[in-house]
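Enquirer: Mind looking over this structure? Questions follow.
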Amino acid sequence: MHTPFKKCTSCQSVWPSRDAFLKDPSVHLVGYQPSFTDPAKGLFLFGHKMPECYTTLAVKVDLFKDLYQGTVYTESVFGTAECEKRCIKEDDLARCNQPCANAWVREIMKIIAKKPQPALKRA
């Protein structure tokens, strides 16, 4: 049996794939919880908004890693004077301009935010 990409913990909606999850108009990126020891272990936070469901879903950053093909820095600038402190602001989805180990994660957030959403079907 195929394991779904994500299941809503509130309404039990199921997304069979990452693509289905990202294309769902009821799902949108709302935040990021970093892991400063391993950026791939951080969490993207998605809002699931439907008439019967208003919950936040956490999805491991690692499941989106293949969306980014650019430079991955190995050193973190977190806690230094160069740090823009974006990662500690959960709802800050803007790109980081520093050569930081977490910068690629922020680029993925930009990619996710630009994904086209299908038009809602009207009855």
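The values are calculated or read from the model by the stated rules, or taken from the named source; none is laboratory data. Computed from a predicted structure; not experimentally measured. Quick reminder, even Gly has a Cβ in these numbers, built from the backbone with ideal geometry, and neighbours come from all protein chains shown.
Enquirer: Could you list, in sequence order, the residues of the range 69-115 that are of a type in the set (Lys, Arg) and either under 19 Å from Lys41 (Cα atoms) or touching a strand residue (DSSP E or B) at 6+ places or on another chain (Cβ under 8 Å) (or both)?
Expert: Of everything in the range 69-115, those that are of a type in the set (Lys, Arg) and either under 19 Å from Lys41 (Cα atoms) or touching a strand residue (DSSP E or B) at 6+ places or on another chain (Cβ under 8 Å) (or both) turn out to be Lys85, Arg86, Lys89, Arg95, Arg106, Lys110.
Enquirer: Another one. Across the range 28-53, what is the total count of residues that are assigned to a strand (DSSP E or B), over 11 Å from the mean Cα position of the chain (by Cα) and closer than 23 Å to Val105 by Cα?
Expert: Total satisfying the criteria: 1.
Enquirer: Looking at this structure, is Gln98 polar (S, T, N, Q), under 25 Å from Leu22 (Cα atoms) and at pLDDT 90 or above?
Expert: no
Enquirer: If you don't mind, another one. Please enumerate the residues belonging to the range 101-123 that are modelled with pLDDT under 80 and not small (Gly, Ala, Ser).
Expert: Lys114, Lys115, Pro116, Gln117, Pro118, Leu120, Lys121, Arg122, listed by residue number.
Enquirer: Let me ask you something else. For the range 54-110, what are the residues that are surrounded by fewer than 18 Cβ atoms within 10 Å (Cβ to Cβ), part of a helix (DSSP H, G or I) and among the basic types (Lys, Arg)?
Expert: Once the filter is applied, which keeps residues that are surrounded by fewer than 18 Cβ atoms within 10 Å (Cβ to Cβ), part of a helix (DSSP H, G or I) and among the basic types (Lys, Arg), the range 54-110 yields Lys65, Lys110.
Enquirer: Consider only pairs whose beta carbons are under 8 Å apart and that are at least six residues apart or on different chains; among these, list those whose first residue lies in the range 11-39 and is within 17 Å of Met50 (Cβ to Cβ) and whose second residue is at pLDDT 95 or above and assigned to a helix (DSSP H, G or I).
Expert: Here the result reads Trp15/Phe21; Val27/Phe21, each pair linking the range 11-39 to a residue that is at pLDDT 95 or above and assigned to a helix (DSSP H, G or I).
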